[in-house]
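Encoded as structure tokens, the structure appears first; notes follow it.
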Amino acid sequence: MIVVIVTYYTGHYFGHGILDIQIELGHIPFVEEEIHTSMWNQNAIDVMTESPKTINVNGYVKDIVNVLKNCKHNGFPVVSNNKKTFLGIITRDEL
């Protein structure tokens, strides 16, 4: 446990910590701790696509393969069967 704590603080002392680097390398969507002033007046509609590609929680493999072939997104919302409930996000690497 001590090694983990020392590693964490050492990484942040010299720049980005190892978790920050893993998030960046994995292309995982991540909200920064500080909001830039240019983003204060933006709405989700300003930065999102109108019809996001989703993965159904009980979807077939062929459907998932089609989604992966037809777009270059790295993260996909996982939704319930009726597409009304957001269940989480899955990345291209995890699929």
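Between (1) 59, 37, 19; (2) 45, 36, 23; (3) 50, 36, 24, which matches Cα extents along the principal axes in Å calculated for the structure shown?
Recomputing Cα extents along the principal axes in Å here gives the entry labelled (2).
Net charge near residue 69: determine it from the other residues with C-beta under 15 Å of the C-beta of residue 69, scoring Lys and Arg +1 and Asp and Glu -1.
Details: positive: 53, 62, 72, 92; negative: 63.
Residues near residue 69 contribute +3 overall.
Starting with the highest mean, order 47-53, 64-70 by the number of other Cβ atoms within 10 Å, averaged over the residues of each peptide.
Working: 47-53: 9.0, 64-70: 12.4.
Descending packing order for the listed peptides: 64-70, 47-53.
Can you tell which of 90, 22, 5 lies farthest toward the positive end of the dipole of the chain, using +1 and -1 charges on the Cβ of basic and acidic side chains (Lys, Arg; Asp, Glu)?
Ranked along the dipole, the leading option is 90.
If you plug each phi of segment 84-95 into the Karplus form 6.51 cos²θ - 1.76 cosθ + 1.60 with θ = phi - 60°, what whole-Hz ³J(HN,Hα) values come out, in order, with x for Gly and Pro?
Per residue, the Karplus-derived 3J(HN,Hα) values read 9, 10, 7, 9, x, 10, 10, 8, 4, 5, 6, 6 Hz.
Would you please give the residues with an amide H less than 5 Å from that of residue 90, counting only those at least 5 places away or on a separate chain, with H modeled from the backbone geometry?
Placed amide hydrogens put 76, 78 under 5 Å from residue 90.
Just so you know, all these numbers are worked out from the coordinates, no wet-lab data involved. Keep in mind that what you see is a predicted model, and the values were worked out from it rather than measured. Virtual Cβ from ideal backbone geometry, glycine too; neighbours counted across all protein chains shown.
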